[in-house]
1. Just by accessible area at a 1.4 angstrom probe, what is the order of Trp171, Trp181 from largest to smallest?
2. If each of Asn93 and Thr178 carries a label point 7 Å out from its Cα toward its Cβ, how far apart are those two points in nm?
3. Work out, step by step, the length gained on full extension between Ala48 and Ile24: first 0.36 nm times the residue separation, then minus their alpha carbon distance; give nm to one decimal.
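The values are calculated or read from the model by the stated rules, or taken from the named source; none is laboratory data. Because the structure is predicted, anything quoted here is derived from the model rather than measured. Every residue, glycine among them, receives a Cβ derived from its backbone with ideal geometry; neighbour counts consider all protein chains shown. The protein model used for the area step is the full one, side chains on, heavy atoms only, and it has no ligands, DNA or RNA in it. Shrake-Rupley method; radii C 1.70, N 1.55, O 1.52, S 1.80 Å.
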Amino acid sequence: MLKSKLSKNKKRIILLSFSVLALIAGCICYLYFDAEHIQRRIKEKICAKVIEHEDELLKIVEECQEEAALTCRKIENDGSDNQYDSIYYKELNDEILNKAFRDFYLSMINKRSDGSVRFHVRDSIVSFLWDDYRCGFYYSEDDKPIDAVWTHKMDEDETEFEDLIFYGKYWYRTEKITDNWWFYETKTVYRYATHR
């Protein structure tokens, strides 16, 4: 009797484990093969939020400091030349800034020398599974498209391009949300393994 209960419990555990693994595999397959649909939904949500919270975002643009990036976590400067000055946004104790980082899932806000202010959205599972996908939005003073990630010079009517970079191909697209506000998305397809 005890042996049969033990084997029933064992079967249940195995069945439950198999079901959980099948569910996880299904989710990963869905994300991998239907990533474009997920990207479209992410873009729609971000654009709707930008329009809804435009006044608050404009206050952030006005207050954004020229030389420092606002980050979602504390970054210690190790003194290297390639590291930028950063400020952990919670140290500023600004309610509007806290709300923006939380509502938009931001990883960083920074102002560029051309006057544009970039709002980088944190990476999601889609980034991990689909060609290093990243997205965000930016404020452009002159209401022209820019490459918000690299420094590719864009023509006024150019909203998408591909370029070769160090280890692969870089794809970038930007789309106007409303006056002065633009959404951007980028993918990097690595052709070669990177050595660290």
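1. Details: Trp171 30, Trp181 0 Å².
Correct descending sequence by accessible area is Trp171, Trp181.
2. 3.2 nm
3. Working: separation 24, 0.36 × 24 = 8.64 nm, distance 3.01 nm.
Taking 0.36 nm per residue and subtracting the Cα distance, the gain is 5.6 nm.
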